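The values are calculated or read from the model by the stated rules, or taken from the named source; none is laboratory data. Every value quoted in this text rests on a predicted model; they were computed, and no experiment measured them. Because the Cβ atoms are built from the backbone with ideal geometry, glycine has one as well, and the counts that use them run over all protein chains shown. Accessible surface is based on the protein model in full, side chains and every heavy atom, while ligands, DNA and RNA are left aside. Shrake-Rupley method; radii C 1.70, N 1.55, O 1.52, S 1.80 Å.
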Amino acid sequence: MSEFQRFGVKSFTGETKSSEFAAYLERGQFITTRCKQCRAVSFPPRVDCPECRSSDVEWIEVTEKGRLQAFTVVHYGPAGFEDRAPYTLGVVGFPMGIRVFGEIDEAIPTGEIKVGMVLRVVPIRLNGERVSYHFEKD
Amino acid sequence: MEREVAIVGAGQTPFARRCGISISEMCFGAFCNAMEGLNLKTEDIDASVVCSATEYDKQRSPAAVICEYLGFAGKPTFCVESLCSSGSSGLRTAYSLIKAGLHDVVAVVGFQKMSEMSSAEAAERMGRSGDVMWESPFGLSMPAAFAMFASAHMAKYGTTEEQMASVRVKSSRCASFNKEAVFQKEITIGEVMNSAVIVSPLKLLDCCANADGAGVILLANKDRAGSITDKPVWIHGLGASASSCTLSRRATFSTIPCSWPAAKDAYEMAGVGPEDIDVAEVHDCFTITEIINYEDLGFAKPGEGVRLIEAGQTYPDGRIPVNPDGGILSKGHPIGATGISQIRTIVRQLRGECGKTQVHGARIGLVQNLGGPGIYAFITILGRD
């Protein structure tokens, strides 16, 4: 199994030049790409820079805190997620200028989840060999 | 105002949860409906554009079998896809073919038979609505994306669930006069509020439903239009834009980023502004989407969309009537046919054929058709004169 195929609850595609992302999650680090030429930071990571078309990128770790911009509690999920519901999805914006989409830590009571709340992104291990990340309260 | 390309005919099948006939038969029904009363023969149609979100089709490249069944054999045809806005991208394609002088009369055929797919197959496709590499692995679906937009709009502007529900109330009122809609029963705010939560804050009745249906629009250049019909409706403005599919690459969630750039282009091409629109069809796949659309199209200022619905200004007798046919929420959503049905409603409004939901004296109408979780936006401005 390719490294990236282990990313998320369910994988749809496993081949990418960004598969290091999943390898770092395994090691407990959440990383993304920065273009060495124009310094543009991207999330999701991409090893081909759309700003200057360079493929010379470096991986940087995201450790700062961000704020929740939008969220939903999913009560009816798509195929492969039926038994997982309810789960909460959201987008968190970080001061470094990126936004990250993902699941919000199920330990946070739903009633406490509010747009604007401070969260940080934390790598997690799912059942078996799968890796992912979620957003935890600071 | 431009009078180069006209819509000379517009038809559709009634939308249904399950139509019980083939895709070609559905399209034939819509084609006959569009041809009614026209001085036009099938052999006068030079080309066709077939619109479908083909991931929902059993038939590969469905343009071929549909053209055969409609009698277009031997004529050029194109299959156009942009998810829920496939119909409007088809219209833009057909307009371009005519404007370029390649063809004089072009048929745009939009359809989807959502019932052709098992619920498991539909759920599988729902799970691939967004970026499959980075976002689908978390269980993102189309409703979940729009629910997130709702949460952002609520946080930014104080929009409430009751205000969203009032969009469905208007939709159901209008659809009670529309015999082609899947849902024709009037719905109260309480019924919306008490329906099951699907993706918070959206409940079952905040969401549209899959449907089967087909629609056909017939376009002709200015030299032919007058001989085909005495009620041509002119394409005055077109606009199209796209936002990022990956939600995390969007800067804001309280608006559909591609809507305004598309609307601005269409307004400029038509030489009109939002205040000149007499009647509109907007993409109400969810109740929140209609409120956001009011703002993105310039019908209301950002954050003030709810005022329009609360004051009744988007009802058929209001200042800016929106979705007088009941919209997607009540008509149902046969993906590839949806845009065609929206355009047909505005064509009929401009011809004065809408009975109890007719907007009196409507001369300029606007259609906004979105694709996916606000990935694509197509705006079409039509005029009677």
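Brief remarks follow.
- Residue in the range A:39-48 that is more than 30 Å from B:Glu121 (Cα to Cα), in contact with a helix residue (DSSP H, G or I) (Cβ under 7 Å, 6 or more places away or on another chain), within 9 Å of another protein chain (Cβ to nearest Cβ) and open to solvent by 50 Å² or more (accessible area, probe 1.4 Å) present: no
- Taken as a whole, the structure places A:Pro78 among residues that are facing chain B (nearest Cβ under 10 Å) and over 24 Å from A:Pro45 (Cα atoms).
- Single match in B:Ser166, B:Ser200 (criterion: more than 14 Å from chain A (Cβ to nearest Cβ), under 29 Å from B:Leu247 (Cβ atoms), surrounded by fewer than 23 Cβ atoms within 10 Å (Cβ to Cβ) and touching a Ser or Thr at 6+ places or on another chain (Cβ under 9 Å)): B:Ser166
Matching residues to (1) in contact with a Pro (Cβ under 6 Å, 6 or more places away or on another chain); (2) open to solvent by less than 10 Å² (accessible area, probe 1.4 Å); (3) farther than 17 Å from B:Ile277 by Cβ:
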{"residue": "B:Ile320", "(1), (2), (3)": "no, yes, no"}
{"residue": "B:Asp325", "(1), (2), (3)": "no, no, no"}
{"residue": "B:Leu329", "(1), (2), (3)": "no, yes, yes"}
{"residue": "B:Pro334", "(1), (2), (3)": "no, yes, yes"}
{"residue": "B:Ala337", "(1), (2), (3)": "no, yes, yes"}
{"residue": "B:Ile346", "(1), (2), (3)": "no, yes, no"}
{"residue": "B:Leu366", "(1), (2), (3)": "no, yes, no"}
{"residue": "B:Gly374", "(1), (2), (3)": "no, yes, yes"}
{"residue": "B:Arg384", "(1), (2), (3)": "no, no, no"}
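- The range B:300-317: number of residues that are crowded, with 16+ Cβ neighbours inside 10 Å, under 19 Å from B:Gln349 (Cα atoms) and not polar (S, T, N, Q): 2
- Residue that is closer than 30 Å to B:Cys207 by Cβ and either away from chain B (no Cβ under 11 Å) or in a loop (DSSP other than H, G, I, E, B) (or both), where the choices are A:Phe71, A:Phe12: A:Phe12
- The strands (runs of 3 or more DSSP E) found entirely in the range B:164-279 that carry 3 or more residues being under 21 Å from B:Pro324 (Cα atoms) are B:212-221, B:233-242.
- Taken as a whole, the structure places B:Glu191 among residues that are acidic (Asp, Glu), farther than 22 Å from B:Phe15 by Cα and either without any contact (Cβ under 8 Å) to a residue 12 or more places away in the chain or assigned by TED's automatic domain parsing to the domain that holds B:Glu162 (or both).
- In this entry, B:Leu308 is excluded by the filter for residues that are more than 26 Å from B:Lys331 (Cβ to Cβ), over 20 Å from the mean Cα position of the chain (by Cα) and at pLDDT 95 or above.
- The residues listed here are B:Ala144, B:Ala150, B:Ala155, B:Ala123; of these, the one that is surrounded by 17 or more Cβ atoms within 10 Å (Cβ to Cβ), over 19 Å from B:Gly339 (Cα atoms) and modelled with pLDDT under 95 is B:Ala123.
- Residue list for the range B:23-37, restricted to those being free of Cβ contacts under 8 Å to residues at least 60 places away in the same chain and either within 9 Å of B:Ala214 (Cβ to Cβ) or open to solvent by 40 Å² or more (accessible area, probe 1.4 Å) (or both): B:Glu25, B:Phe28, B:Cys32, B:Glu36
- Taking (1) of a type outside the set (Lys, Arg); (2) in contact with a strand residue (DSSP E or B) (Cβ under 7 Å, 6 or more places away or on another chain); (3) open to solvent by 10 Å² or more (accessible area, probe 1.4 Å) in turn, B:Ser52 satisfies each apart from (3).
- Applying a threshold of 7 Å to beta carbon distances and a minimum spacing of six or more residues, or different chains, the list of pairs starting in the range B:171-188 at a residue that is in contact (Cβ under 8 Å) with a residue 24 or more places away in the chain and ending at one that is in a loop (DSSP other than H, G, I, E, B) and of a type in the set (Phe, Trp, Tyr) reads B:Ser172/B:Phe183; B:Ala175/B:Phe183; B:Glu180/B:Phe15; B:Ala181/B:Phe15; B:Val182/B:Phe15.
- Elements of type helices (runs of 4 or more DSSP H) in the range B:1-117, at least 3 residues being within 18 Å of B:Ile346 (Cα to Cα) and of a type outside the set (A, V, I, L, M): B:86-99
- Breaking point among (1) closer than 26 Å to B:Cys19 by Cβ; (2) over 19 Å from the mean Cα position of the chain (by Cα), for B:Lys113: (2)
- Where B:Gly139 falls short, out of the listed (1) without any contact (Cβ under 8 Å) to a residue 60 or more places away in the chain; (2) more than 14 Å from chain A (Cβ to nearest Cβ); (3) open to solvent by less than 10 Å² (accessible area, probe 1.4 Å): (2)
- Tally of residues being of a type in the set (D, E, K, R), without any contact (Cβ under 8 Å) to a residue 40 or more places away in the chain and open to solvent by 50 Å² or more (accessible area, probe 1.4 Å) across the range A:59-108: 4
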